[in-house]
Amino acid sequence: MSRIGLNPITLPAGVEVKVGDGNVVFVKGPKGELQEKISDLLKIEIKDGVLTVARDGDEAVKRSQHGLARTLINNMVVGVTEGYQKKLELIGVGYKAEKKGKKLVLNLGYSHPVELEDPEGIETETPDANTVIVKGIDKAKVGNYAADIRAWRKPEPYKGKGIRYEGEYVRRKEGKTGVAASS
């Protein structure tokens, strides 16, 4: 029994869901449109504004796809109504971010600034020099782009410098001690 897969999805007002050929789910809402291919082993039913994902057997393959499919559809519904965002913090002397048109320019201690072009459907904001907000309607794209930005300078454990997610805890390590080498 899938605890997640059996939960129904209540469709909010203004959200339109259609299931096309090959189990492709189209979700349209106030913020945009998304589509996702769902496994053919599952049945997607829409009745009275409630979407359910069902399976007709208890094989391992069907069980493994059940919860995933329900979560993917729910993420699309939330994305077209509310959207998703990830906040990144730049910590370090001289680390800063700024927005130039559709480009995000990061100064991260390299000899040159890092320029990243916003992917389609993703928008970045810099409310101040040490914060980057990644916004979009596709949860996976928002997370991937935030991870790409973070990969330029992952937080290091000795001084705590780097790019981290808001609220991320970086475990600090003690540096070398001043013991002299004996000869």
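Cβ-Cβ below 8 Å, separation at least six or inter-chain, first residue in segment 7-24 and in contact (Cβ under 8 Å) with a residue 12 or more places away in the chain and outside any strand (DSSP E or B), second open to solvent by 50 Å² or more (accessible area, probe 1.4 Å) and among the acidic types (Asp, Glu): which pairs?
As it stands, the answer is GLY22/ASP40; ASN23/ASP40, since those pairs meet every condition given.
Test each condition in (1) out of contact with any helix residue (DSSP H, G or I) (no Cβ under 8 Å at 6 or more places or on another chain); (2) open to solvent by 40 Å² or more (accessible area, probe 1.4 Å); (3) under 24 Å from GLN85 (Cβ atoms) for LYS159 and report the one that comes out false.
Result: LYS159 passes all but (3).
Within segment 45-55, is even one residue outside any helix (DSSP H, G or I), among the aliphatic types (A, V, I, L, M), open to solvent by 60 Å² or more (accessible area, probe 1.4 Å) and out of contact with any His (no Cβ under 8 Å at 6 or more places or on another chain)?
Within segment 45-55, one or more residues are outside any helix (DSSP H, G or I), among the aliphatic types (A, V, I, L, M), open to solvent by 60 Å² or more (accessible area, probe 1.4 Å) and out of contact with any His (no Cβ under 8 Å at 6 or more places or on another chain).
If you scan segment 117-146, which residues turn out to be assigned to a strand (DSSP E or B) and under 13 Å from LYS102 (Cβ atoms)?
GLU117, ILE122, GLU123, THR124, GLU125
Picking from GLU166, GLU125, which residue would you name as being exposed (fewer than 15 other Cβ atoms within 10 Å of the Cβ), in contact (Cβ under 8 Å) with a residue 60 or more places away in the chain and under 19 Å from GLY83 (Cα atoms)?
Step by step, each of GLU166, GLU125 is checked, and only GLU166 is exposed (fewer than 15 other Cβ atoms within 10 Å of the Cβ), in contact (Cβ under 8 Å) with a residue 60 or more places away in the chain and under 19 Å from GLY83 (Cα atoms).
If you check LYS135, LYS154, LYS173, which single one turns out to be without any contact (Cβ under 8 Å) to a residue 60 or more places away in the chain, under 30 Å from GLN35 (Cβ atoms) and open to solvent by 30 Å² or more (accessible area, probe 1.4 Å)?
LYS135
Residues that are of a type in the set (A, V, I, L, M), open to solvent by less than 60 Å² (accessible area, probe 1.4 Å) and at pLDDT 95 or above: does segment 109-121 have at least one?
The answer is yes, given that some residue of segment 109-121 is of a type in the set (A, V, I, L, M), open to solvent by less than 60 Å² (accessible area, probe 1.4 Å) and at pLDDT 95 or above.
Taking into account only those residues within segment 79-88 that are in a strand (DSSP E or B) and open to solvent by less than 50 Å² (accessible area, probe 1.4 Å), which is farthest from VAL142 (Cα to Cα)?
Looking at the filtered set, the residue picked out is LEU88.
Looking at (1) over 20 Å from the mean Cα position of the chain (by Cα); (2) under 30 Å from VAL78 (Cβ atoms); (3) at pLDDT 95 or above, can you tell me which one THR131 breaks?
(1)
Quick check: anything in segment 59-78 touching a residue at least 24 places away in the same chain (Cβ under 8 Å), in a helix (DSSP H, G or I), within 30 Å of ASN130 (Cα to Cα) and in contact with a Pro (Cβ under 6 Å, 6 or more places away or on another chain)?
No, every residue in segment 59-78 fails to be touching a residue at least 24 places away in the same chain (Cβ under 8 Å), in a helix (DSSP H, G or I), within 30 Å of ASN130 (Cα to Cα) and in contact with a Pro (Cβ under 6 Å, 6 or more places away or on another chain).
Looking at LEU106, LEU90, can you tell me which residue is over 24 Å from GLY14 (Cβ atoms) and in contact with a Phe, Trp or Tyr (Cβ under 9 Å, 6 or more places away or on another chain)?
Sole residue among the options that is over 24 Å from GLY14 (Cβ atoms) and in contact with a Phe, Trp or Tyr (Cβ under 9 Å, 6 or more places away or on another chain): LEU106.
The values are calculated or read from the model by the stated rules, or taken from the named source; none is laboratory data. Computed from a prediction, not measured in an experiment: that's the story for all the values here. When we count neighbours, we look across all protein chains shown, and the Cβ atoms used for this are built from the backbone with ideal geometry, even at glycine. Just the protein is used for accessible areas: all its heavy atoms, side chains included, with ligands, DNA and RNA removed. Shrake-Rupley method; radii C 1.70, N 1.55, O 1.52, S 1.80 Å.
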